[in-house]
Amino acid sequence: MNGLNSFELHAAGRLAAEPAVGKKGEVKFALIGEDYAGPNRDPITTSIYFVAFGPIGEAIAHNVRKGDQLIIRAQVLANNYDKNGETIYGHSFIVQGFIFGAPGKAKREELQKQAAS
């Protein structure tokens, strides 16, 4: 499968917190999404943690704030490991591309201050 990912995820959500830059330059962040659950019911909230590297990670770390919307394209990779003889199954979501969405409250306030000066 040259150039293709077996599994790819497309997600849109708002940042749960400021992106965290790791020791090796990776940028980790969580997106929160809400889905309609029906009349008279609370929305279903889902959060997914992502990691980005290189120029993509740098762009996210420098330009995105808590509450900002991102539309993400990510590769899904198995992240399985053994713990006390038991296999723990998990996944990593590696950002391959993104689009800036609507700004959150912090970004809107930042933009208003810039416009006022």
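The values are calculated or read from the model by the stated rules, or taken from the named source; none is laboratory data. As the structure is a prediction and not an experimental result, all values here were calculated from the model. We place every Cβ from the backbone using ideal geometry, glycine too, and count neighbours over all the protein chains shown.
Below is a table of values for the structure above.
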item: Residue match in region 28-50 (condition: modelled with pLDDT of 95 or more, among the β-branched types (Val, Ile, Thr) and touching a helix residue (DSSP H, G or I) at 6+ places or on another chain (Cβ under 8 Å)); result: no
item: Matching residues in region 1-25 - criterion: being crowded, with 16+ Cβ neighbours inside 10 Å and not in a strand (DSSP E or B); result: PRO19
item: Checking ILE71 against (1) surrounded by 15 or more Cβ atoms within 10 Å (Cβ to Cβ); (2) closer than 13 Å to LEU9 by Cα; (3) not polar (S, T, N, Q), the condition it does not meet; result: (1)
item: Selection from region 31-46 of residues that are in a loop (DSSP other than H, G, I, E, B) and of a type in the set (D, E, K, R); result: ARG41, ASP42
item: Qualifying positions in region 39-54 - surrounded by fewer than 14 Cβ atoms within 10 Å (Cβ to Cβ) and either among the basic types (Lys, Arg) or within 23 Å of GLY97 (Cβ to Cβ) (or both); result: ARG41, THR46, SER47, TYR49, GLY54
item: Scope region 47-61; condition in a helix (DSSP H, G or I) and of a type in the set (A, V, I, L, M, F, W, C); matching residues; result: ILE56, ALA59, ILE60, ALA61
item: Matching residues in region 73-98 - criterion: being more than 11 Å from the chain's Cα centre (by Cα) and among the charged types (D, E, K, R); result: ASP82, LYS83, GLU86
item: Boolean, TYR36 is out of contact with any Lys or Arg (no Cβ under 7 Å at 6 or more places or on another chain), loosely packed, with under 11 Cβ neighbours inside 10 Å and within 20 Å of GLY13 (Cβ to Cβ); result: yes
